[in-house]
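Right, one structure below, let's go through it.
The values are calculated or read from the model by the stated rules, or taken from the named source; none is laboratory data. Because the structure is predicted, anything quoted here is derived from the model rather than measured. Neighbour counts run over all protein chains shown; Cβ positions are idealised from the backbone, glycine included.
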Amino acid sequence: MIISMRPHAPKSEIDYVCERIREFGYKVHSIEGEERVVIGVVGVGDVTACLESLEATPGVERAVRISAPYKFVSKEFKKERSLMRINGLEIGGDEFIVMAGPCSVESERQIMETAEAVAAAGARILRGGAYKPRTSPYDFQGMELDGLKLLQKAKQATGLLIITEVMSDRDVDMVAQYADVMQVGARNMQNFALLKSLGRCGRPALLKRGLSATIKELLMSAEYLVAHGNSNVLLCERGIRTFETATRNTCDISAVPVLNELSHLPVILDPSHAVGKRSLVPAISRAAVAVGADGLIVEVHPCPEKAVSDGAQSLTIPQFRGLMQELKPYISLWKESRAREVAAAAV
Ligand code: PEP
Ligand code: MN
């Protein structure tokens, strides 16, 4: 259930409503907006009796039953888009954010060269895996702490923020010392111990859709993060497994508008993992802008044929520059449509 209080309801009324909810055996999770307080009600109890009682309680504007099993990430809970705030940068607002960098951090030269180049081309966040989830145990597993230190160096040199994957709840505290955004990889979307730990850690988190996960499952995993204390969550469509073999995965482009309809959380697209082939990355990136994604995360490598992971889908630096140029007219249209949305919401 979600209880929306009247605008500027006094604290005494809010406290009384929370007390009543607890009497029904539920837990309370309230969010204070500028005008009103919205109370999320979680747990097991007599929904109908609780709703009827709350509807008649002073200060309550609306009490609604939520059909979706996810509450805090749903549009019913919060109609306005949520902004992800990362050290001064906002995702989900009026700027289309591009994150770019190699699949894996491989060497100082590789990460510094890529960071300088993607920053100059307009990327705002540097990606690079220091902990790599690989299908084969014999493949490169990542530089780990040394990789995190190189990312930090690249950040200092370029001013780019850092996004990097954390694979285990044991590594959360260490990765959080270096990452501005903690990436949960597709294979870990339902690693609930990791999600809980990231909920408590409080750093912004990027949650990638699992290879075979439904949109509902993705939102349930996002709910874990929020329910455990972290509302700074960014969703990412990165392709799903289907019968098609022409691309590495099948890019579920409709996931972006579907997520925008169901959730207030910002959504980005990863065209690189979605298609697995560098020649297709620009077309899917344009599509992401057109369907209203809040940004992109793109793999870029100074020498893709020598990359230790995902070389085939990594853009070269000149190709990334070309992509950023090519996206400009699409991003202008995107900005117009965001501005119209803001204007419509203000009426
Ligand atoms: C990655 O970003 O390099 C990665 C491993 O992504 P995913 O978890 O989407 O496969
Ligand atoms: Mn990769």
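Residue by residue, here is whether (1) under 21 Å from the mean Cα position of the chain (by Cα); (2) under 23 Å from F140 (Cα atoms); (3) not in a helix (DSSP H, G or I) holds:
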site	(1), (2), (3)
A246	no, no, yes
D252	yes, no, yes
L265	yes, no, yes
S279	no, no, no
A283	no, no, no
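Test of understanding: among A100, A130, A117, which residue is modelled with pLDDT of 95 or more, surrounded by fewer than 23 Cβ atoms within 10 Å (Cβ to Cβ) and either in contact with a helix residue (DSSP H, G or I) (Cβ under 6 Å, 6 or more places away or on another chain) or of a type in the set (F, W, Y) (or both)? Within the list A100, A130, A117, the selection yields A117. Scanning the stretch 225-252 for residues that are of a type outside the set (A, V, I, L, M), out of contact with any Leu (no Cβ under 6 Å at 6 or more places or on another chain) and within 16 Å of ligand 1 (Cβ to nearest atom) yields a total of 9.
Of all the listed residues (A123, A119), the sole one being of a type in the set (A, V, I, L, M), within 19 Å of the chain's Cα centre (by Cα) and away from ligand 2 (no atom under 15 Å from the Cβ) is A123. Within the stretch 51-63, the residues that satisfy the criterion of being surrounded by fewer than 15 Cβ atoms within 10 Å (Cβ to Cβ) and under 20 Å from P7 (Cα atoms) are E55, A56, P58, E61, R62.
Picking from residues in the stretch 163-197 that are over 13 Å from the mean Cα position of the chain (by Cα) and of a type in the set (D, E), the one that is nearest to L235 (Cα to Cα) is D169.
Taken together, Q156, Q183 contain a single residue that is within 16 Å of ligand 2 (Cβ to nearest atom) and either modelled with pLDDT of 95 or more or assigned to a strand (DSSP E or B) (or both), which is Q183.
Among the residues of the stretch 59-75, at least one is basic (K, R) and under 21 Å from L235 (Cβ atoms). Against the condition more than 20 Å from the chain's Cα centre (by Cα), among the β-branched types (V, I, T) and under 24 Å from L296 (Cα atoms), how does I111 come out, does it pass? Taking the combined requirement at face value, the residue satisfies it. Restricting the first member to the stretch 242-256 and to residues that are farther than 10 Å from L269 by Cα, and the second to residues that are of a type in the set (G, A, S) and surrounded by 20 or more Cβ atoms within 10 Å (Cβ to Cβ), the beta-carbon pairs closer than 8 Å and six or more apart or on different chains are T247/G239; T247/A274; R248/G239; R248/A274; N249/G239; N249/A274; T250/G239; T250/A274.
Once the stretch 186-224 is narrowed to residues that are buried (at least 18 other Cβ atoms within 10 Å of the Cβ) and of a type in the set (S, T, N, Q), the residue that is nearest to S82 (Cα to Cα) is S221.
The set of residues in the stretch 168-180 that are buried (at least 23 other Cβ atoms within 10 Å of the Cβ) and either part of a loop (DSSP other than H, G, I, E, B) or in contact with a Lys or Arg (Cβ under 7 Å, 6 or more places away or on another chain) (or both) contains only A179. When you go through (1) under 19 Å from C236 (Cα atoms); (2) over 18 Å from the mean Cα position of the chain (by Cα) one by one for G142, which number turns out not to apply? Failing condition for G142: (1).
Strands (runs of 3 or more DSSP E) fully within the stretch 1-43 that include at least 2 residues being over 18 Å from G229 (Cβ atoms): 2-5.
In the stretch 48-105, the residue that is nearest to the chain's Cα centre (by Cα) out of those that are part of a loop (DSSP other than H, G, I, E, B) and at positive phi is G92.
On inspection, G129 passes the criterion of being within 16 Å of ligand 1 (Cβ to nearest atom), at negative phi and of a type outside the set (A, V, I, L, M, F, W, C). Here E299, E261, E341, E326 are screened, and the one residue that is at negative phi, at pLDDT below 95 and either crowded, with 23+ Cβ neighbours inside 10 Å or in a helix (DSSP H, G or I) (or both) is E341.
For first residues located in the stretch 202-227 and within 16 Å of ligand 2 (Cβ to nearest atom), partners that are polar (S, T, N, Q) and not in a helix (DSSP H, G or I) and lie 6+ apart or on another chain with Cβ distances below 8 Å form the pairs L206/Q183; K208/Q183; G210/Q190; L211/N249.
For the stretch 264-291, the set of residues classified as of a type outside the set (A, V, I, L, M), over 15 Å from L323 (Cα atoms) and in contact with a helix residue (DSSP H, G or I) (Cβ under 6 Å, 6 or more places away or on another chain) consists of G276 only.
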